[in-house]
Amino acid sequence: MTDIVDLARRGWNKPPKVILQWVWRQLKARRAAKVLPSYDFWLNGRTLATALGADDFDDLLGRIEKSCPFPGLRDARNLPGALSAAERDTVIARAQRVLAREVDLLGSGPEELGQPIDWCQDFKTGIRWPMAPSRRLPVNRLKESCDIKVPWDLSRLQWLLPAGQAYVLTGDDAYADFAHDIVEEWFIGNPICKGPNWICPMDVALRAVSMLWLFHACHRADTWKEPGFLEQLVKSLYLHGRFVVANLEWADVNGNHLTADLAGLQLIGISLGGAGGAKKWIDLSWRLLTEEFPRQVPDDGVTFEASVPYHRLIAELFLLPAVARRAAGLPVPQDYWQRLTAMAGFTAAYTGPDGRVPIWGDADDGRALPLGNQDINDHRYLLDLIGAATTPSRAETGEAIWWLGTGGKKPPAAANPVSQAFEVSGVHVMRGGADHVFVDAGPVGMAGRGGHGHNDCLSFEACLMGRRLIVDPGAYVYTADWQARNRFRATAAHNTPEVDGQEINRMPRPEWLWVLTDDAKPEVRHWSTSGDVDLLVAAHSGYRRLKSPVTPVRGVMLEKSTHRLFVADGFEGTGEHAVRTRFTFAPDVRVAAARPGVWRLDPAEGPAFLMVVAGGDWQASEEDGEFSPSYGVKVPTRVIAFSRQGPLLPLALVVMPETGAPPDPVRWLEGVVAGRFPVPGLKR
């Protein structure tokens with residue numbers, strides 16, 4: 001009953017056209033749920049050939065073998081020589097773990113799967129979803145600790161890809177045979193439209209991409225030539241396409257789910273020969289992809305979902321069908337490639353000098369086609385991948401070589417990264433040498449829905465002299481622990497002021513895990529960058545709804561020659577308020593009070609830093625914090641929080657190398673901020 005009320009509430013103010021479209025799509029999906037299982041019985045080689053515009057099944061198989069949408073597998077014989085010895089060894093080691101049925105998904109740690117695999121189980125908790133009609137199954141079981149992402153990610157079959165890679169590198173049939181057995185096991189354990197793995201079209205689409213890649217990697221092995229298996233594989237891919245096209249994930253604001261649906265549909269259509277029903281899928285999905293791309297990724301190249309991990313996923317999802325189309329001889333307009341290049345530009349900007357990225361917004365480890373061995377938070381391969389795809393030039397990283405193959409000329413030298421403002425997203429990046437500061441001065445994301453964005457307006461991450469010191473806490477999990485989900489996306493978790501214990505953007509209901517109220521309208525009041533000093537002053541309206549309205553105003557300044565980062569918070573408003581601002585440190589940073597207003601920060605390696613605070617009326621406390629580097633993983637870290645109750649007063653701090661610090665850093669800081677920051681309350 002609650003779901004019905006929620007649905008009515010969200011649709012109350014929608015135009016009649018939108019409501020009618022939603023009803024039509026629901027009816028279409030319901031019909032598919034009834035019809036597709038019957039297709040599973042009558043589809044065979046002959047009927048598949050007819051549906052896909054082929055003369056017979058052998059003709060269809062010939063078209064499929066020639067229609068490889070993965071350029072990296074078109075010259076697969078060159079791959080072993082193009083990869084480094086370390087890359088090859090890592091692939092083989094990962095493949096050996098796959099052959100042992102060992103997976104490590106979503107923070108599970110090494111987990112050995114049973115035989116046969118229980119595809120309906122969250123193996124982290126042992127809780128299962130029943131093999132019932134998929135449309136009737138719950139996605140969010142918030143009263144239990146289970147996570148439907150576990151069976152979904154397991155059934156994406158991306159964990160199986162190293163077996164196909166190892167077969168390409170070695171020619172050892174054991175790898176291809178194992179991949180064949182697991183795919184066949186999946187067919188048996190997941191009848192169409194039943195169980196949890198036919199709930200989410202995005203996962204259906206990504207699973208199809210994995211199956212296609214494995215086929216083109218392993219198709220020379222005898223087990224992948226078995227007539228019965230080939231018929232079952234083609235039938236399953238066809239049903240995957242039929243399911244996706246009947247269940248496209250439309251929303252009032254479309255996002256990565258619809259993009260994944262369309263990318264998968266494009267690859268299925270190309271791979272199944274591009275004729276008959278497959279051609280309709282190609283035409284439909286490409287038309288919609290080209291319409292969605294500028295909506296989801298504005299001209300500044302930053303995905304509107306306000307998340308760095310989702311930026312990576314969405315870049316891959318838009319790149320994959322473009323690469324497949326070019327491999328198939330289909331056109332891709334120049335402005336499409338240019339928008340991908342803009343996405344790479346943002347990736348270059350947010351990548352820190354340590355090669356890692358700020359975990360801004362949600363992070364669920366999602367990938368389109370993960371073929372590399374780099375750390376989950378190392379996005380540098382994406383620069384190589386998009387660069388080699390758009391130039392075109394020779395791919396250099398292992399991930400890009402697997403995607404694109406070994407052709408092309410030597411890539412041009414990369415330009416030195418500079419400070420940049422991304423005006424639509426509101427992200428500002430300050431950098432100089434090994435200093436890197438990432439500031440969110442933008443909207444909540446998803447056109448005000450806040451889907452994968454957090455309450456982090458005016459928050460920042462900071463690397464100084466190549467050392468990551470202040471971090472975003474990450475996202476941790478989704479439905480497996482809804483309290484933790486809300487805790488990690490809350491204002492209190494981020495490096496930004498919290499006023500009167502309120503959220504920057506309200507959470508309408510705690511169980512609405514992907515909705516925030518669009519309260520905090522950002523305002524950039526000043527941005528300047530030079531060879532030595534970058535300065536940003538920004539504010540937001542999130543607390544103007546209070547009985548006594550407040551506008552937080554933050555100034556952030558990077559002094560590059562001295563590697564000093566200044567942060568000053570002022571507040572426009574009257575009355576008495578409780579204000580709390582916290583700063584979360586990287587897990588390897590030790591924090592120790594040195595003297596009043598001064599803390600010593602010791603990274604695991606490299607020079608020590610001081611954090612100096614001016615604002616005697618603020619109370620400081622050292623606290624335990626949490627940091628989530630990837631989905632399902634959290635580690636302890638330290639936090640310094642500053643709080644006060646009463647009239648609104650400013651707070652200023654600097655983080656700087658201990659070497660070269662002034663003798664009385666607190667008094668020195670008071671003099672610096674008074675003359676440099678246009679922030680309310682600071683003396684000038």
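Rg over Rh for region 118-196 works out to 1.07, using Cα positions for both radii and the Kirkwood form for Rh. In this simple spin-label approximation, MET465 and LYS279 carry label points 7 Å from Cα along the Cα→Cβ vector, and these lie 6.6 nm apart. Counting only DSSP H runs of at least 4 residues, each contributing -39500 (n - 2.57), and dividing by the residue count of the chain, the helix-based mean residue ellipticity at 222 nm comes to -12000 deg cm²/dmol.
The P(r) of region 309-352 has a tail past 14 Å containing 52 percent of all C-alpha pairs. Between [x] 26.3, 85; [y] 47.2, 162; [z] 29.5, 90, which matches Rg and Dmax of the Cα atoms in Å calculated for the structure shown? Correct label, based on the coordinates given: [x]. Computed from the C-beta positions of THR47 and ALA434 and an R0 of 56 Å, the FRET efficiency is 0.35 to the nearest 0.05. Across the chain, C-alpha contacts under 8 Å between residues 6 or more apart give a mean separation that, scaled by the residue count, equals a relative contact order of 10 percent. Taking amide H as placed 1.01 Å from N in the peptide plane, the amide H of GLY450 sits under 5 Å from that of GLY445, LEU516, each at least 5 places away or on another chain. The ellipsoid equivalent to the alpha-carbon distribution of region 290-430 has semi-axes of 22, 18, 15 angstrom, derived from the gyration tensor eigenvalues as √(5λ) and listed largest first.
Which of the lysines could be linked to LYS521 by a straight reach, that is with a Cα gap under 20 Å, when you skip same-chain ones fewer than 8 residues away? Leaving aside lysines fewer than 8 places away in the same chain, those within reach of LYS521 are LYS547.
Computed from Cα positions, the angle between helix 380-390 and the longest principal axis of the chain comes to roughly 60 degrees. Across all Cα atoms of region 47-125, the radius of gyration (one decimal) and Dmax (whole number) stand at 19.1, 49 Å.
Only the Cβ atoms of Lys and Arg (+1) and of Asp and Glu (-1) were treated as charged; on that basis the dipole of region 81-156 about its Cα centre amounts to roughly 400 debye.
Near ALA593, the amide H atoms lying under 5 Å from its own belong to ARG600; only residues 5 or more places off or on other chains count, and H is placed 1.01 Å from N. Highest average first, the peptides 194-202, 590-598 ordered by how many other beta carbon atoms sit within 10 Å of their residues are 194-202, 590-598. Averaged per residue, the chain has 39 square angstrom of accessible surface, using a 1.4 angstrom probe with ligands and nucleic acids left out. What separates the Cα centres of region 120-148 and region 612-684 is a distance of 44 Å. Where q = 0.23, 0.26, 0.28 Å⁻¹, what log10 of I(q)/I(0) comes from the Debye formula for region 537-609, counting one point per Cα? Debye intensities relative to I(0), on a log10 scale: -1.11, -1.23, -1.31.
Each listed q (0.12, 0.14, 0.15, 0.19 Å⁻¹) maps to a log10 I(q)/I(0) for region 395-518, found by the Debye formula over equal Cα scatterers with no solvent: -0.62, -0.77, -0.84, -1.04.
Given their separation in residues at 0.36 nm each and the Cα-Cα distance between them, SER145 and SER548 gain 141.1 nm when the chain is fully extended. Rolling a 1.4 angstrom probe over the chain with all protein chains present gives an accessible area of which 52% lies on carbon and sulfur atoms.
Each Cα pair under 8 Å and six or more residues apart adds its separation to the average, and for region 455-521 the resulting relative contact order is 30 percent. If one computes P(r) from the Cα atoms of region 433-494, what percent of pairs lie at distances over 18 Å? Everything past 18 Å amounts to 43 percent. Listed by chain and number, the lysines whose C-alpha is less than 27 Å from the C-alpha of LYS28, apart from same-chain residues fewer than 8 away, are LYS14, LYS17, LYS149, LYS194, LYS235, LYS279, LYS280.
The values are calculated or read from the model by the stated rules, or taken from the named source; none is laboratory data. The structure displayed is predicted, hence computed values, not measured ones. Backbone-built Cβ (ideal geometry, glycine too); neighbour counts: all protein chains shown. Surface areas here come from the heavy atoms of the whole protein model, side chains and all, with no ligands, DNA or RNA. Shrake-Rupley method; radii C 1.70, N 1.55, O 1.52, S 1.80 Å.
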